Amino acid sequence: MDFMQILSNTLGQVLAPATLGYALAAIGLSVHFGFAGLLNMGVAGFMAIGAYGFAISILTFGLPWGVAAVIGLIAATLFAVVLGVPTLRLRGDYLAIVTIAAAEVLRLLFLTSAWRNVTGSADGLFNYQRGFRGVNNPLPPGTYGFGPWTYTSDQWWVIIIGLVTVAVAVLTVWLLMRSPWGRVIKGIREDEDAVRALGKNVFSFKMQALIIGGIIIAAGGIITAMGSNVNPNVYVTSQTFYIWTALLLGGAATVFGPVLGAVLFWMVRAFLSNLLPALVEIGWLPFLSGEQSQMLVFVLVGVVLMLLVIFRPQGLLGNKKELTFVR
């Protein structure tokens, strides 16, 4: 067992596009759940909208990647409005039911063979990254970096875009939550009837929070799509639960907690995905096969999520007084 190689693979996940995408999705979910109290259980749907809107705009319509990214964000805005109009005037659990169903409907629509020429069906979409990796890549060609963070210029370009997007999202959420708008959103989370009694349009503020968080989540889907192909089998319900795990790990009602949670989640997942098969190979886990050891990773992630909710529901950076569900 090459422990140094396992450690290198684990550390390499810190800057991976998937990690940055999950960080953005967790930030958006923090706006929904941590600050506004909206139970969004369809995070994978928002990520899929952003990724497919980005890829389809390039492949089908031949648009520049920057314009394609904007279209993906606009599609997420429309998706949030469609979900919010019939549900945000009702109890919070209605939004949870609608979002988890809508995310699955979207996945099945992208999976259907009726629009194979547009969505790629089960094969997904690929070969759409050449525009921003080639013509728009300002970095010199080659491979550079140090240790586990050694990447090609194309990979660095995606990482730089992802880091800038994460920084903009963190700054935006930080400024919003320090503003009067953010104080209203937190008040709605605590007691929307009291906020309504003060003359605030609770529905409007909820819709704004749903749209803002949805745009940030869709940006996570776009960054993930920049680093890999788009496939409908990625945007499943388990992806939503992984992002919830990352959010709860870092802290739901925090600005920097989602980023920390996403990084730790992917590092732990990468570490276990490399360690457990290695332990099986050397005979330390004789009761498991290599494939079963990979399934054990998901079991352990579920156990960690349960322990978090029980013993540290506010997360690593969270304040227990910020979350009404732990009172």
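Please verify whether GLY227 is at pLDDT 95 or above and among the small types (Gly, Ala, Ser), treating the condition exactly as stated. Spell out the reasoning first.
On the way: at pLDDT 95 or above: no; among the small types (Gly, Ala, Ser): yes.
Here the answer is no, as GLY227 does not meet what is asked.
Please list, ordered by first then second residue, the pairs with beta carbon atoms under 6 Å, 6 or more apart or interchain, first in the stretch 301-317 and under 16 Å from TYR242 (Cα atoms), second at pLDDT 80 or above and part of a loop (DSSP other than H, G, I, E, B).
Close Cβ pairs (under 6 Å, with a partner that is at pLDDT 80 or above and part of a loop (DSSP other than H, G, I, E, B)) amount to GLY315/GLY251.
May I ask you to verify whether LEU171 is more than 26 Å from LEU305 (Cα to Cα) and either without any contact (Cβ under 8 Å) to a residue 12 or more places away in the chain or out of contact with any helix residue (DSSP H, G or I) (no Cβ under 9 Å at 6 or more places or on another chain) (or both)?
Values: more than 26 Å from LEU305 (Cα to Cα): yes; either without any contact (Cβ under 8 Å) to a residue 12 or more places away in the chain or out of contact with any helix residue (DSSP H, G or I) (no Cβ under 9 Å at 6 or more places or on another chain) (or both): yes.
Here the answer is yes, as LEU171 does meet what is asked.
Condition check ((1) among the aliphatic types (A, V, I, L, M); (2) more than 30 Å from ARG91 (Cα to Cα); (3) assigned to a loop (DSSP other than H, G, I, E, B)) across all residues:
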site	(1), (2), (3)
LEU38	yes, no, yes
PHE46	no, no, no
ILE49	yes, no, no
GLY66	no, yes, no
ILE71	yes, yes, no
ALA80	yes, no, no
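Out of all the residues in the stretch 139-173, which are in contact with a Gly (Cβ under 9 Å, 6 or more places away or on another chain), β-branched (Val, Ile, Thr) and surrounded by fewer than 19 Cβ atoms within 10 Å (Cβ to Cβ)?
Passing the criteria: THR150, THR152.
Among the residues of the stretch 106-115, what is the count of those that are surrounded by 12 or more Cβ atoms within 10 Å (Cβ to Cβ) and free of Cβ contacts under 8 Å to residues at least 60 places away in the same chain? Outline the logic, then answer.
Of the stretch 106-115, the ones surrounded by 12 or more Cβ atoms within 10 Å (Cβ to Cβ) are 106-107, 109-112, 115.
With free of Cβ contacts under 8 Å to residues at least 60 places away in the same chain added as a condition, the list becomes 109, 112, 115.
Residues meeting the conditions: 3.
Hey, among the residues in the stretch 197-213 that are touching a Leu at 6+ places or on another chain (Cβ under 7 Å) and under 21 Å from LEU175 (Cα atoms), which one's surrounded by the fewest Cβ atoms within 10 Å (Cβ to Cβ)?
Filtering first and then ranking leaves MET207.
Being surrounded by fewer than 24 Cβ atoms within 10 Å (Cβ to Cβ), within 28 Å of MET267 (Cβ to Cβ) and either more than 16 Å from the chain's Cα centre (by Cα) or modelled with pLDDT of 95 or more (or both), is that true of even one residue in the stretch 174-191?
yes
Condition check ((1) outside any helix (DSSP H, G or I); (2) in contact with a strand residue (DSSP E or B) (Cβ under 7 Å, 6 or more places away or on another chain); (3) within 30 Å of SER8 (Cβ to Cβ); (4) not basic (Lys, Arg)) across all residues:
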{"position": "LEU83", "(1), (2), (3), (4)": "no, no, no, yes"}
{"position": "ASP93", "(1), (2), (3), (4)": "no, no, no, yes"}
{"position": "ALA96", "(1), (2), (3), (4)": "no, no, no, yes"}
{"position": "ALA101", "(1), (2), (3), (4)": "no, no, no, yes"}
{"position": "VAL105", "(1), (2), (3), (4)": "no, no, no, yes"}
{"position": "ASN137", "(1), (2), (3), (4)": "yes, no, yes, yes"}
{"position": "TRP157", "(1), (2), (3), (4)": "no, no, yes, yes"}
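Looking at VAL168, VAL164, VAL195, VAL234, which one is among the β-branched types (Val, Ile, Thr) and more than 24 Å from ALA26 (Cα to Cα)?
Step by step, each of VAL168, VAL164, VAL195, VAL234 is checked, and only VAL195 is among the β-branched types (Val, Ile, Thr) and more than 24 Å from ALA26 (Cα to Cα).
Checking the conditions here, which among ILE100, ILE58 is buried (at least 17 other Cβ atoms within 10 Å of the Cβ), over 28 Å from PHE241 (Cβ atoms) and either in contact with a helix residue (DSSP H, G or I) (Cβ under 8 Å, 6 or more places away or on another chain) or touching a residue at least 60 places away in the same chain (Cβ under 8 Å) (or both)? Before the answer, list the steps.
Numbers: ILE100 fails: over 28 Å from PHE241 (Cβ atoms).
Within the list ILE100, ILE58, the selection yields ILE58.
How many residues does the stretch 1-53 contain that are among the hydroxyl-bearing types (Ser, Thr, Tyr) and touching a strand residue (DSSP E or B) at 6+ places or on another chain (Cβ under 9 Å)?
So in the stretch 1-53, the residues among the hydroxyl-bearing types (Ser, Thr, Tyr) come out as 8, 10, 19, 22, 30, 52.
Checking the rest, the ones that are also touching a strand residue (DSSP E or B) at 6+ places or on another chain (Cβ under 9 Å) come to 52.
Total satisfying the criteria: 1.
Would you kindly identify the helices (runs of 4 or more DSSP H) lying entirely within the stretch 214-327 that contain at least 3 residues that are more than 12 Å from the chain's Cα centre (by Cα) and surrounded by 20 or more Cβ atoms within 10 Å (Cβ to Cβ)? Let's see the steps before the verdict.
Details: elements: 237-250, 257-281, 290-311.
So the answer is 237-250, 257-281.
Has the stretch 287-303 got at least one residue that is touching an Asp or Glu at 6+ places or on another chain (Cβ under 7 Å), of a type in the set (Val, Ile, Thr), at pLDDT below 85 and over 19 Å from LEU24 (Cβ atoms)? Quick ask: steps written out before the conclusion?
Residues of the stretch 287-303 that are touching an Asp or Glu at 6+ places or on another chain (Cβ under 7 Å), as a first pass: none.
No, the stretch 287-303 contains no residue that is touching an Asp or Glu at 6+ places or on another chain (Cβ under 7 Å), of a type in the set (Val, Ile, Thr), at pLDDT below 85 and over 19 Å from LEU24 (Cβ atoms).
The values are calculated or read from the model by the stated rules, or taken from the named source; none is laboratory data. Values in this document were obtained by computation on a predicted structure and should not be read as measured data. Every residue, glycine among them, receives a Cβ derived from its backbone with ideal geometry; neighbour counts consider all protein chains shown.
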